[in-house]
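Below you'll find the structure, written out as structure tokens, and then a few comments.
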Amino acid sequence: MSGMTGVARAALAGAACTALLVLGGCGGGNGAGGGGTSAAVENTQAVVVDAGPVNVINFPFVTVTVCVPGNVTACQSIDHIQVDTGSSGLRLLSSVLSPALSSLPKVSDAAGNPIVECMQFVDGFSWGPVKRADLSIGGEKASSVPVQVIGDPAYSAIPSTCANTGPPENNVAQFGANGLIGLSVFLQDCGAYCAGHSDAGLYYACPTSGTCIPATVAVGDQVANPAAMFATDNNGVIIALPFAPASGAATVAGTLIFGVGTQANNGLGGATMLGVDPTTGNLQTVWNGHVYSGSYVDSGSSAIYFGINDLPPCTGAAVGLYCPTSTQTLTASIRGMAGSSSTVTFAVANADQLLSGDPRLVAFPDLAGPASDAATFDWGLPFFYGRRVYTVFEGMATPAGPGPYVAF
Amino acid sequence: MARILTTGASMQSLKSRRGSFTSRAPIIALVAIPGLAMASLGGDVASVQADGVHLRGALAVREMPQYSRHEIAQANGTLVRQYVSPSGQVFAVSWQGPVVPELKQVLGAYFDQYVGAAKAARIRRAPIVIQDASLVVVAAGHPRAFSGRAYVPSLVPPGVDPEALQ
């Protein structure tokens, strides 16, 4: 976790940034520029797939540095932040925050009531206030980013309309990480709808803990995709992971690259662009003669999920995944909105056998399981091994055209 | 099922969908009733008005040969459907849209089993799938595009395929 070493790391980051300032890097404010070539900004950050704080499978993590806005001495380096291309926004578990970050300013409504969010994920909800923070990752910086602080004891009373949506994920054990950096195609977690309507169930105004009412929140106050707020390299991200052995690995080291077509290291090369639905982020996958209309490329999913028991289900350690008697090599076609498509080959191994082996192994490229509906085809983290997967943000320009799109 | 329901264009999308229903089958009720609640899985449809938790939205009821489908289109774009047997019990439910509805209301007495299964899963950040003899629940998706369905096998009317409900 972060703790003492975090201070030292933050100091190092600050020193590096000072050096870059001389070269015109390390942008401050909420830069809105896109596309253009920017020299000298370090636009990469190490990604690691490892067991994390609670022994998770196929979670990609990064370390981020978070500061009180405008205060370079009130900072903390926080490791094991999950990288998620299926959601947008930086979320930090309250329990891992050092006292230095206790003064992160709250986002409030016009009446001064703090805004608290009920964020929804497929497997549960996370409750906590929206606050502002400066973020550094690699050499990139974003200022006054609205982030969610999950499990803040000052807001321990959860409205029933939030708790009634599913299982709680309000501490590290439930959440599986110290936080999450959501880098989906969307610029905010809700967007225009929540600026005009309070009934999405995401945002509440809480005069006191326990007296929360549904609230509208201006787009600029919503929890935001932080990579779109960088001064440079802000039009998208690339997750580059090496191949992982089929038998599993304890650690896989890769790279998170910011920007698409903005520096020498983030060009599209021969990648195929696949436009996604601008309202859902979904595209289509065709497999075994069936069109899955709700398909998505999601580094935050631990396996590839598709089909309704199209392969034998696991009955042991890996209940919920597929367990073919021998590894199956399958081929599918992923189709974008504009009609472009890419054929991909993926393998499905016996997950019971994989997960009942050496408990230190946590990175597996051949894990898949049933989504159990006719529409879902979830290209989770196994899809990312051995690829450079591009996520281009909505409305952002790239040399190959505007987002939202994915490419690989 | 296409995830065409969206936040920004939700009402327009819902209108067009409802229009297509009209052309294919008779709708015996199509009214906007803000605050109208719906019965939950395993519940009695007669309890609709008594439910204390509301899924606000427009209600449409469509009679099928072997059951009736009660559909609430929430203004936020999420569509919740309940499938009611001739004996008046809700034997299946489904939801689809940009946000997860209040599943405690939708799943009723089965909500705790759903939460328990999610907590027990070894693999995190995964669709929730329960396939027991007494209950089937599937929940998938991601922010801005969630979906799910559930049914109680013992309550499914004869001749109805619960995997093929529309």
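The values are calculated or read from the model by the stated rules, or taken from the named source; none is laboratory data. Model, not experiment: these values are computed from the prediction. Cβ sites come from the backbone with ideal geometry, for glycine too, and all protein chains shown count toward neighbours.
Annotations for the structure displayed:
- Among the residues of the stretch A:94-146, those that are of a type in the set (D, E, K, R) and within 16 Å of A:PRO214 (Cα to Cα) comprise A:ASP109, A:GLU117.
Let's see how each residue does on (1) touching a Ser or Thr at 6+ places or on another chain (Cβ under 9 Å); (2) touching a residue at least 40 places away in the same chain (Cβ under 8 Å); (3) of a type in the set (Val, Ile, Thr):
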{"residue": "A:LEU355", "(1), (2), (3)": "no, yes, no"}
{"residue": "A:PHE364", "(1), (2), (3)": "yes, yes, no"}
{"residue": "A:ALA368", "(1), (2), (3)": "no, yes, no"}
{"residue": "A:ALA371", "(1), (2), (3)": "no, yes, no"}
{"residue": "A:THR376", "(1), (2), (3)": "yes, yes, yes"}
{"residue": "A:LEU381", "(1), (2), (3)": "yes, yes, no"}
{"residue": "A:VAL389", "(1), (2), (3)": "yes, yes, yes"}
{"residue": "A:PHE393", "(1), (2), (3)": "yes, yes, no"}
{"residue": "A:THR398", "(1), (2), (3)": "yes, yes, yes"}
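- Scanning the stretch A:366-395 for residues that are surrounded by fewer than 23 Cβ atoms within 10 Å (Cβ to Cβ), within 14 Å of chain B (Cβ to nearest Cβ) and within 28 Å of A:ALA224 (Cβ to Cβ) yields A:GLU394, A:GLY395.
- The number of residues in the stretch B:96-145 that are more than 17 Å from A:MET119 (Cβ to Cβ), among the basic types (Lys, Arg) and modelled with pLDDT under 90 comes to 2.
- Enumeration of residues in the stretch A:194-223 that are within 13 Å of chain B (Cβ to nearest Cβ) and either among the hydrophobic types (A, V, I, L, M, F, W, C) or buried (at least 24 other Cβ atoms within 10 Å of the Cβ) (or both): A:CYS194, A:ALA195, A:ALA200, A:GLY201, A:LEU202, A:TYR203, A:VAL219, A:GLN222, A:VAL223
- Every residue from the stretch A:292-332 that is of a type in the set (D, E, K, R) and more than 12 Å from chain B (Cβ to nearest Cβ): A:ASP310
- Checked against the criterion of being among the hydrophobic types (A, V, I, L, M, F, W, C) and over 26 Å from A:LEU97 (Cβ atoms), the candidates A:ALA224, A:ALA195 yield just one match: A:ALA195.
- Only one of the numbered conditions (1) buried (at least 23 other Cβ atoms within 10 Å of the Cβ); (2) in contact with a Lys or Arg (Cβ under 9 Å, 6 or more places away or on another chain); (3) closer than 23 Å to A:SER184 by Cβ is violated by B:VAL138, and that is (1).
- The residues of the stretch A:343-359 that are in a loop (DSSP other than H, G, I, E, B) and out of contact with any Phe, Trp or Tyr (no Cβ under 9 Å at 6 or more places or on another chain), listed by number, are A:SER356, A:GLY357, A:ASP358, A:PRO359.
- Filter result (within 14 Å of chain B (Cβ to nearest Cβ) and buried (at least 21 other Cβ atoms within 10 Å of the Cβ)) within the stretch A:46-80: A:VAL49, A:GLY52, A:VAL56, A:ILE57, A:ASN58, A:PHE59, A:PRO60, A:PHE61, A:HIS80
- A:GLN174 vs. criteria of a type outside the set (Phe, Trp, Tyr) and surrounded by fewer than 21 Cβ atoms within 10 Å (Cβ to Cβ): yes
- Complete set of residues in the stretch B:49-68 that are surrounded by 14 or more Cβ atoms within 10 Å (Cβ to Cβ) and at pLDDT below 50: B:ASP51, B:VAL53
- Selected residue (criterion: nearest to the chain's Cα centre (by Cα)) from residues of the stretch A:141-163 that are of a type in the set (Ser, Thr, Tyr) and within 13 Å of chain B (Cβ to nearest Cβ): A:THR161
- Spans of helices (runs of 4 or more DSSP H) in the stretch A:129-212 with at least 3 residues modelled with pLDDT under 95 and either under 29 Å from A:TYR390 (Cα atoms) or polar (S, T, N, Q) (or both): none
- Scanning the stretch A:266-299 for residues that are among the small types (Gly, Ala, Ser) and within 24 Å of A:PRO402 (Cβ to Cβ) returns A:GLY267, A:GLY269, A:GLY270, A:ALA271, A:GLY275, A:GLY281, A:SER293, A:GLY294, A:SER295, A:SER299.
- Pairs are defined by a Cβ separation below 7 Å, a sequence spacing of at least 6 or placement on different chains, a first member in the stretch A:83-108 that is under 21 Å from A:GLY176 (Cβ atoms), and a second member that is charged (D, E, K, R) and not in a strand (DSSP E or B); the pairs so defined are A:THR85/A:ASP298; A:GLY86/A:ASP298; A:SER87/A:ASP189; A:SER88/A:ASP189; A:GLY89/A:ASP189; A:SER94/A:ASP152.
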